[in-house]
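**Q** After the structure tokens below, expect a handful of questions from me.
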Amino acid sequence: ARPTLSGVSKTDCTVIANNNGKLTGVTSAMEYKVGSGSWTDGTGAEINSIASGTVYTVRVKAVASTSFASAESTFTIGAYNASKETTPTAAIDYVNEKLTGLAANGSYTVNSVSKTADASGNLAIDSTWFSTTLSIVKTGNGTTTTNSDAQSLAIPARPTLSGVSKTDCTVIAN
């Protein structure tokens, strides 16, 4: 009778690069092949750094004059599907001239320029932003998250000061 394959498992990729899948439980009594390649003896060590979509076939080896090889089992390493960062919901603090409501110490791009929010989740409004619409994107970490969708936020112009005048002093006492 054929032996039964057991104890082998796979771990799908867990990063955007899709290159860290693994196969465990392939003992020295087993052999494996990648795709349609040649059989390789198992060692009992974990097989690491496997790209997503890679197909491994594993079986218990045949033993001369004793047993047939087991039926083959196929393991396909799955891809990691990164999640998008949450779209920012920044608001304008008109008094303190800053954007609020961002992630504390979060990385952003504002009109394609890299910016980092402070520990309170604020960004000072740059003087070049007045009278423009900002595109604010939460930057992905490059490992498990990708960039968010952009928030569009119109920054109005500063009001023009009008109706104020001065009168010079007209007496010696000033």
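The values are calculated or read from the model by the stated rules, or taken from the named source; none is laboratory data. As the structure is a computational prediction, the values presented were derived from the model and not from experiment. Because the Cβ atoms are built from the backbone with ideal geometry, glycine has one as well, and the counts that use them run over all protein chains shown. Side chains are part of the model used for accessible areas, which takes the heavy atoms of the whole protein and leaves out ligands, DNA and RNA. Shrake-Rupley method; radii C 1.70, N 1.55, O 1.52, S 1.80 Å.
**Q** So for the stretch 131-154 (the condition being open to solvent by less than 60 Å² (accessible area, probe 1.4 Å), touching a residue at least 60 places away in the same chain (Cβ under 8 Å) and of a type in the set (A, V, I, L, M)), does at least one residue qualify?
**A** Within the stretch 131-154, one or more residues are open to solvent by less than 60 Å² (accessible area, probe 1.4 Å), touching a residue at least 60 places away in the same chain (Cβ under 8 Å) and of a type in the set (A, V, I, L, M).
**Q** Kindly indicate whether Ala103 is touching a residue at least 60 places away in the same chain (Cβ under 8 Å), of a type outside the set (Phe, Trp, Tyr) and surrounded by 12 or more Cβ atoms within 10 Å (Cβ to Cβ).
**A** So Ala103 does not fit the description; no.
**Q** Also, quick follow-up: Just for strands (runs of 3 or more DSSP E) wholly inside the stretch 94-159: which have at least 1 residues that are polar (S, T, N, Q) and over 21 Å from Ala82 (Cα atoms)?
**A** Of the strands (runs of 3 or more DSSP E) lying wholly inside the stretch 94-159, those with at least 1 residues that are polar (S, T, N, Q) and over 21 Å from Ala82 (Cα atoms) span 98-100, 113-116, 132-138, 151-155.
**Q** Taking Ser112 as meeting all but one of (1) more than 30 Å from Ser131 (Cα to Cα); (2) at pLDDT 95 or above, write down the number of the exception.
**A** (1)
**Q** I've got another one for you. Go through the stretch 50-71 and report how many residues are touching a residue at least 24 places away in the same chain (Cβ under 8 Å) and surrounded by 12 or more Cβ atoms within 10 Å (Cβ to Cβ).
**A** 15
**Q** Taking the stretch 11-38 only, how many residues are open to solvent by less than 60 Å² (accessible area, probe 1.4 Å), outside any loop (DSSP other than H, G, I, E, B) and within 24 Å of Ser67 (Cα to Cα)?
**A** Going through the stretch 11-38 one residue at a time, the tally reaches 5.
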